[in-house]
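The values are calculated or read from the model by the stated rules, or taken from the named source; none is laboratory data. None of the values given here were measured: they were computed from a predicted structure. Reconstructed Cβ throughout: ideal geometry from the backbone, glycine too, with neighbour counts over all protein chains shown.
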Amino acid sequence: MSAATASPLGFTHNALNQLKKSRQLLNNYVAKQTAEINQIQSQKKIIYEQQCEQIKEKIQELQQIQRHRGVASEESDSDGIQQRLNVLQAKQIELERELANLHLEKKGLQKSLNATKEEEKVAFTKAEQVRKSKERIEKSKQVTVEDLTIGLVKYRELGLDFVRCDENGALKFQFTKIDATDVDRIFGFTLKITNDDLYVVDDCDPFLDDDVVMKLVNELNETEDYPYFMRGMRRAFQESLNQ
């Protein structure tokens with residue numbers, strides 16, 4: 001097997017380059033989705049403003065008709081005037097109907113604009129969640145046995161070893177050289193990854209206090225500091241011998 005340069009956490013440059021490529025693809029996707037959302041929002045805003053202008057024009061036209069009707073009512077009630085009033089009334093009814101429809105369209109556009117803004121927020125939130133999930137997956141689930149071996153070589157002198165379990169994403173870590181009366185005694189635990197991309201510890205042997213383990217796991221989920229976590233688990237096993 002060819003040698004590979006590793007990062008302080010034990011990841012090869014190939015793994016880091018793959019992480020950078022995945023992150024760039026995600027950033028490109030977020031940028032594309034954001035541009036499309038902005039374009040749709042701009043188009044809807046233009047339509048909304050046009051509808052508002054049409055409503056304004058219809059209102060002015062309706063007011064003009066109402067003024068004409070007021071003038072006509074002051075004149076003699078001849079057949080020609082009455083006929084004109086009838087035409088104006090019919091036109092007023094039609095304009096009021098159009099005005100009502102425009103108001104409905106305006107409400108629909110406003111609702112659509114609000115929905116677009118909400119979709120934009122959801123899209124950004126999901127994109128951020130995907131980005132964080134992608135980073136966590138690249139740092140954990142896609143770590144190969146070779147990568148972990150390189151990262152853990154310097155801890156072998158402390159008696160640290162690991163084996164991959166049948167369960168997907170789980171590793172069984174084992175310490176020796178902890179019990180001075182029996183340096184070959186094994187102290188072990190299983191590190192798993194949940195569906196929410198969170199680390200959990202199972203099967204501590206010998207048993208460790210739940211509060212101690214939970215504190216170390218929470219710090220690992222927040223910092224991804226594997227060396228600190230390993231030192232903490234080894235120290236917890238050491239302290240359990242004195243209890």
Within the stretch 202-226, how many residues are closer than 16 Å to Glu239 by Cβ and either aliphatic (A, V, I, L, M) or under 32 Å from the mean Cα position of the chain (by Cα) (or both)? 8
When you scan the stretch 171-205, how many residues do you find that are surrounded by 13 or more Cβ atoms within 10 Å (Cβ to Cβ) and outside any strand (DSSP E or B)? 8
Would you check if there is a residue in the stretch 62-77 being hydrophobic (A, V, I, L, M, F, W, C), more than 30 Å from Thr116 (Cβ to Cβ), over 23 Å from the mean Cα position of the chain (by Cα) and at pLDDT below 75? yes
All-but-one check, Gly151 against (1) small (Gly, Ala, Ser); (2) at pLDDT 70 or above; (3) assigned by TED's automatic domain parsing to the domain that holds Pro227, failing number (2)
May I ask you to list pairs of residues, at least six apart or on different chains, whose Cβ atoms are under 7 Å apart, with the first in the stretch 50-70 being assigned by TED's automatic domain parsing to the domain that holds Arg97 and touching a residue at least 12 places away in the same chain (Cβ under 8 Å) and the second being assigned to a helix (DSSP H, G or I) and among the basic types (Lys, Arg)? Gln51/Lys106; Cys52/Lys106; Ile55/Lys106; Ile65/Lys91
Take Asp161 and tell me if it is acidic (Asp, Glu) and at pLDDT 80 or above. yes
Single condition Lys134 does not satisfy, out of (1) more than 25 Å from the chain's Cα centre (by Cα); (2) modelled with pLDDT under 80: (1)
